[in-house]
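Following: one structure in structure tokens, then a few remarks.
None of the figures in this text is laboratory data; all of them are computed from the coordinates on show. Because the structure is predicted, anything quoted here is derived from the model rather than measured. Cβ atoms come from the backbone with ideal geometry, glycine included; neighbour counts cover every protein chain shown.
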Amino acid sequence: MNILFDGNYLFHKTFSVFSTYYKGQDMGEVLQDKEKQQVLLRKCIIDMCFALSKFRDIKRVAFVIDSSSWRYSIYDDYKYALTRVRDPFYKHFLTCLDMFEALLRKKGIIVSRVMGAEGDDLLYVWSIYFGYILDEPLVIVTGDSDIRQIMNKNVALFNNNSKNLRMYCIPDREVFWNEYMETDVQVVATKPFEVLLYKVIMGDTSDNIPKLKKGFGDKAFEKFIASISPYREPKDVDLVSMAQWIAGRFSEFAGMKYEEVLGQVLFNLKMTWLNLSVYNETDYYTQNGKSLLENMLDDVNANKNNYKYNKAYTLEDFYGSLIK
């Protein structure tokens, strides 16, 4: 069993609890206090260990941490609602996040942080490595439900965001996870492709991504899914072909012109679809003259000798197999 943490999620989750202890105080001053910094880091480690305690026979542990997304280069208002106003203590918050990353690296835990890549991008590419290249089971620990779109027979998602612990998996793995997990964890079977369809059609207010049709709600989305079921999920398609597939079905259902829908679907897919075709067909990302995947490979190779905690970790065909 391999465990992959969404590091930003874990840190934000822990901080939200930590900050309640200092209600009414200047959080900038709190986050600069060395003793309180250590308290926050210890709480992050405790939360990590709690998640790990839910799984047996753990082989490798890895973390991903956000950097500024390549998506800003094609959409100035990406995550606008979240980024237009920063808390006064935000820079000190980031300093503590950097300290958490340094602590993980010092302990020899795999940490992936690549300029231009969001945590979602890194979670997706690492899932390919563990789930496809190694063909080993992987659990992603995150509170981001959008990650469910990358689930498969080897990849599941553990959400410990609240008292209601949830394990998301594809329907074919529901029985396995019900037998594996303790009774305090609710197993929820989900179809990954429908998660993607929901994201593209319904948009995402937190990322400032628009709906395809104003007033189109959850009940309407359920009717849309019913109208195309049973459907044959497109496999191994490029970005444009996927956009055409979705636009064709949605425009017919919603009574909209195909040409009007196609452009918005293509845009929403670029912003939300965790798929290699998005990275391969999007020319907006370059860093040091290299693609996103090439920079990920460089990051892994630069740190491969530091992964002491994960002694079974190897790099054979990692990332390189994706960019040949």
Does segment 75-223 classify as rounded, prolate or oblate by the C-alpha gyration tensor (a ≥ b ≥ c root eigenvalues; a/c under 1.5 gives rounded; else a/b over b/c gives prolate, otherwise oblate)?
oblate
Find the centroid of the Cα atoms in segment 179-211 and in segment 225-271, then give the distance between the two in whole Å.
18
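Taking segment 156-262, which GluC sites (Glu not before Pro) meet the DSSP loop condition and have no more than 16 other C-beta atoms within 10 Å?
Values: sites: E174, E179, E182, E194, E222, E252, E259, E260; in loops: E182.
Loop-located and lightly packed - E182.
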In whole angstrom, how long is each semi-axis of the equivalent ellipsoid of segment 1-150, when you take the square root of 5 times every eigenvalue of its Cα gyration tensor and sort them from largest down?
27, 21, 13
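Among rounded, prolate and oblate, which fits segment 84-136 when a ≥ b ≥ c are the square roots of the eigenvalues of its C-alpha gyration tensor, a/c under 1.5 means rounded, and a/b larger than b/c means prolate? Provide the component values of the computation, followed by the final result.
Values: a/c = 4.08, a/b = 1.72, b/c = 2.37.
Oblate is the answer for segment 84-136, as a/c is 1.5 or above yet b/c matches or exceeds a/b.
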Looking only at lysines whose Cα falls under 16 Å of K34's and that sit 8 or more positions away or on another chain, we get K43, K91
To the nearest 10 degrees, how steep is helix 258-272 against the longest Cα principal axis of the chain, on a 0 to 90 scale?
10
Nearest 10, in degrees from 0 to 90: the angle of helix 90-106 to the longest Cα principal axis of the chain is 70
Neighbourhood charge, 13 Å Cβ-Cβ cut-off, centred on K54 and excluding it, Lys, Arg +1 and Asp, Glu -1:
-2
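Can you classify segment 184-277 as rounded, prolate or oblate using the Cα gyration tensor, where a ≥ b ≥ c are the square roots of its eigenvalues, rounded means a/c under 1.5, and otherwise it's prolate if a/b beats b/c and oblate if not?
On the way: a/c = 1.33, a/b = 1.23, b/c = 1.08.
Verdict is rounded for segment 184-277.
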Rounded tilt (10° steps) of 119-128 against the dominant C-alpha axis of the chain
80
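Do any trypsin sites (Lys or Arg not before Pro) in segment 47-150 lie in a DSSP loop with no more than 16 other beta carbon atoms within 10 Å, and if so, which?
Sites meeting the loop and neighbour criteria: R56, K59, R84, R86, K107.
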What list of ³J(HN,Hα) values in whole Hz, one per residue of segment 212-229 in order, does the Karplus curve 6.51 cos²θ - 1.76 cosθ + 1.60 (θ = phi - 60°) give from phi, with Gly and Pro shown as x?
6, 9, 4, x, 7, x, 5, 5, 5, 5, 4, 5, 4, 4, 5, 6, 9, 8
